[in-house]
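Derivation of every value follows stated rules applied to the coordinates shown; laboratory data play no part. Bear in mind the structure is a predicted one, so any value in this text is a computation, not a measurement. Here the Cβ positions follow ideal geometry from the backbone for every residue, glycine too, while neighbour counts run over all protein chains shown.
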Amino acid sequence: MKILIPVIILALSIYKVLTSFLLDEKYGVLFDIKINIWLYRGIWIIAGVSFAYNLFKIYKDKKQFGI
């Protein structure tokens with residue numbers, strides 16, 4: 001469970017950013033509010049990077065303790 005949620009959010013953030021570029025969206029919808037597409041992409045990129053870093057820390061800790 002400790003690894004599952006970050007993996008899901010990382011995959012979701014990659015999906016959201018890629019589809020926003022591929023579909024050439026003009027605005028993003030977050031919590032039922034239309035926002036600037038670059039702000040929308042930025043929010044998802046920040047979420048993806050933070051959860052990727054979280055996964056990296058989990059992997060590093062397991063490797064350090066030999067688990």
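Scoring residue 51 on the criteria (1) in a helix (DSSP H, G or I); (2) on the phi > 0 side of the Ramachandran plot leaves a single failure, condition (2). With respect to the conditions (1) under 18 Å from the mean Cα position of the chain (by Cα); (2) loosely packed, with under 12 Cβ neighbours inside 10 Å; (3) assigned to a helix (DSSP H, G or I), residue 61 lacks only one, and its number is (1).
Of all residues in region 4-33, those satisfying the criterion of being part of a helix (DSSP H, G or I) and touching a Phe, Trp or Tyr at 6+ places or on another chain (Cβ under 6 Å) are 6, 9, 10, 13, 16, 17.
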